[in-house]
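Here the structure is laid out as structure tokens; the discussion comes afterwards.
The values are calculated or read from the model by the stated rules, or taken from the named source; none is laboratory data. Please read these numbers as outputs of a predicted model, since none were measured by experiment. Cβ sites come from the backbone with ideal geometry, for glycine too, and all protein chains shown count toward neighbours. Side chains included, ligands, DNA and RNA excluded: accessible areas come from the protein's heavy atoms. Shrake-Rupley method; radii C 1.70, N 1.55, O 1.52, S 1.80 Å.
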Amino acid sequence: MIAVRSGEAESLKVIQLIYKDGHATKEDYMKALQSYQTYLGEIKSKQRDEAAAYDYENYRYYNRFL
């Protein structure tokens, strides 16, 4: 959960797998998703969006989750 709050998309994938295997609750998974979305909201900026729009394939300030 700490890594997810820091924007680590791989950690979110791990929590998803743990949930699918029945070792985490739906609430745990939802908290992880919300934490990741909060992180993305915090790092969002006009300058980053413009850079991503200019060279979308080579520049991302976030990791794709799915």
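So here's what we get for this one:
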{"read-out": "Where a residue in segment 23-46 is open to solvent by less than 100 Å² (accessible area, probe 1.4 Å) and its partner, wherever it lies, is among the small types (Gly, Ala, Ser), with Cβ under 6 Å and at least six apart", "value": "Tyr39/Gly7"}
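Okay, residues lined up against (1) on the phi > 0 side of the Ramachandran plot; (2) hydrophobic (A, V, I, L, M, F, W, C); (3) at pLDDT 95 or above; (4) part of a helix (DSSP H, G or I):
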| site | (1), (2), (3), (4) |
| --- | --- |
| Val4 | no, yes, no, yes |
| Gly7 | yes, no, no, no |
| Glu10 | no, no, no, yes |
| Lys13 | no, no, no, yes |
| Tyr19 | no, no, yes, yes |
| His23 | no, no, yes, no |
| Glu27 | no, no, yes, yes |
| Gln34 | no, no, yes, yes |
| Leu40 | no, yes, no, yes |
